[in-house]
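Q: Here it is: the structure, laid out below.
The values are calculated or read from the model by the stated rules, or taken from the named source; none is laboratory data. Source: prediction; values computed, not measured. Quick reminder, even Gly has a Cβ in these numbers, built from the backbone with ideal geometry, and neighbours come from all protein chains shown.
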DNA sequence: GTCCTATTTGGGAGTGGCTATGATTTGGGA
DNA sequence: TCCCAAATCATAGCCACTCCCAAATAGGAC
């Protein structure tokens, strides 16, 4: 990694920090892109080079890219796919375990929930993640194409993680995110969640 | 329903028609709100009274409100909840059955897919629908509160419908939307879709 | 029919997200 | 040390969206 990339990375992180700080202080809508640029001491156009939209500036700290696909890739190759998926989901939840990180994430999710733009963008990003996950699953089970079944599997996994996160947030973090995720997985396996069916 | 509401309804439909026609002709980005207002012969501010955002103008024709919650409410009260849900999902899919309506919807979904704003807004709307569905389910099973299990059930149902719609679109409508939906439900019941689990 | 009033409509000004362009600077390799 | 490619930045401009206030309009009271 050359010097150029290193500097770009540092600038990127700085921009996120500055932006989030301002968002926390004044609220998402009340902060303009110009203010962020000024605070970070760069030009407004440059800010847009790093983040093509204000929404992404609020989503960036969540670090969603490969959130599930990555952990799945890291599972041992001989693990059955359903277990690998379950463990990947738990692993993804583990990244919220540290207290500082989790309060940080929660504050950001709060901002996102109250701003229609970023909130909508979040779903969109997760949908892309689901597609990526489906591809990784296909690769793992040796399927040449991403079938409807695999897409549903990926979607199911994303849903479990999302529901666990919601329950964790709603429960005021009485238990850890991992425990809520464990519960959500159990819910699916035990049939506690009703499955739609036809006769 | 008074005269005032009737006129408002007519205006609303007119606006959607005019907007969609322009979107089809020139593409979502290439059409300004001013053009739509002008074409519909109303003021721009008035247009914003009817549709608070351009995105919603493209989502409106999909008529998503209560898409699943409504059909579920219409199921007989003595039907077991899982069957009621499955049938509600099929019923929702049935609204795409007529050839004219389905091609119309498909063209709109195409536009949505290529415009980041409306696409993101769509997910957000579906998330709200999921929450609404969870409430209807809770009411039906006599649960005083919307539990995590019910939320997951609702989310599951929304997912099945969404996956079915995707498969239908990807399959170039060789079969009807209802058949694809039936397949998606079967996938879930038969275990063809892999379920994440832990040991 | 004719006021009267609440609601709807519409215009105009302004904000801010975002894009396009082109000039200037900067940093890394030869 | 020079050169070229990439990064930075200012400027101008578009358009979605908001605010505010004046004008029109429709429905009810008499």
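Q: From the list A:70, A:86, which residue is outside the structural domain of residue A:17 (by TED's automatic domain parsing), assigned to a helix (DSSP H, G or I), modelled with pLDDT of 95 or more and buried (at least 18 other Cβ atoms within 10 Å of the Cβ)?
A: Only one candidate qualifies: A:86.
Q: Check whether at least one residue in region B:32-54 is surrounded by 13 or more Cβ atoms within 10 Å (Cβ to Cβ), out of contact with any strand residue (DSSP E or B) (no Cβ under 6 Å at 6 or more places or on another chain), touching a residue at least 12 places away in the same chain (Cβ under 8 Å) and under 18 Å from residue B:106 (Cα atoms), and report yes or no.
A: no
Q: Which members of region A:35-55 meet the condition of being in a loop (DSSP other than H, G, I, E, B) and within 12 Å of DNA strand D (Cβ to nearest atom)?
A: A:41, A:42, A:43, A:51 - these are the residues of region A:35-55 that are in a loop (DSSP other than H, G, I, E, B) and within 12 Å of DNA strand D (Cβ to nearest atom).
Q: Do you know which of the residues in region A:13-34 that are within 8 Å of DNA strand C (Cβ to nearest atom) and assigned to a helix (DSSP H, G or I) is farthest from residue A:131 (Cα to Cα)?
A: A:34
Q: Which residue, of B:199, B:183, is at pLDDT below 95 and at the interface with chain A (Cβ under 8 Å from one of its Cβ atoms)?
A: B:199 is the lone residue from the list that is at pLDDT below 95 and at the interface with chain A (Cβ under 8 Å from one of its Cβ atoms).
Q: Residue check: is residue B:156 within 19 Å of residue A:198 (Cβ to Cβ) and facing chain A (nearest Cβ under 9 Å)?
A: yes
Q: On to the next question. Residue A:196: touching a residue at least 40 places away in the same chain (Cβ under 8 Å) and more than 25 Å from residue A:78 (Cα to Cα), yes or no?
A: Considered against the rule, which asks whether it is touching a residue at least 40 places away in the same chain (Cβ under 8 Å) and more than 25 Å from residue A:78 (Cα to Cα), residue A:196 comes out as no.
Q: Please work out if residue A:151 is under 30 Å from residue B:55 (Cα atoms), more than 9 Å from every other protein chain (Cβ to nearest Cβ), touching a helix residue (DSSP H, G or I) at 6+ places or on another chain (Cβ under 9 Å) and at pLDDT 95 or above.
A: Spelling it out, it is not the case that residue A:151 is under 30 Å from residue B:55 (Cα atoms), more than 9 Å from every other protein chain (Cβ to nearest Cβ), touching a helix residue (DSSP H, G or I) at 6+ places or on another chain (Cβ under 9 Å) and at pLDDT 95 or above.
Q: Does at least one position in region A:181-198 carry a residue that is within 15 Å of the chain's Cα centre (by Cα) and either assigned by TED's automatic domain parsing to the domain that holds residue A:72 or buried (at least 17 other Cβ atoms within 10 Å of the Cβ) (or both)?
A: Within region A:181-198, one or more residues are within 15 Å of the chain's Cα centre (by Cα) and either assigned by TED's automatic domain parsing to the domain that holds residue A:72 or buried (at least 17 other Cβ atoms within 10 Å of the Cβ) (or both).
Q: Select from region A:39-69 the residues that are over 30 Å from residue A:139 (Cβ atoms), within 11 Å of DNA strand C (Cβ to nearest atom) and in contact with a helix residue (DSSP H, G or I) (Cβ under 9 Å, 6 or more places away or on another chain) and list them in ascending order.
A: A:43, A:44, A:45, A:46, A:47, A:48, A:51, A:53, A:54, A:55, A:57, A:58
Q: Could you tell me which residue of region B:1-12 is nearest to the chain's Cα centre (by Cα), considering only residues that are more than 8 Å from DNA strand C (Cβ to nearest atom) and surrounded by 11 or more Cβ atoms within 10 Å (Cβ to Cβ)?
A: Out of the qualifying residues, it is B:12.
Q: Looking at region B:86-116 only, could you name the residues that are in contact (Cβ under 8 Å) with a residue 60 or more places away in the chain, at the interface with chain A (Cβ under 9 Å from one of its Cβ atoms) and more than 16 Å from the chain's Cα centre (by Cα)?
A: Correct list: B:86 only.
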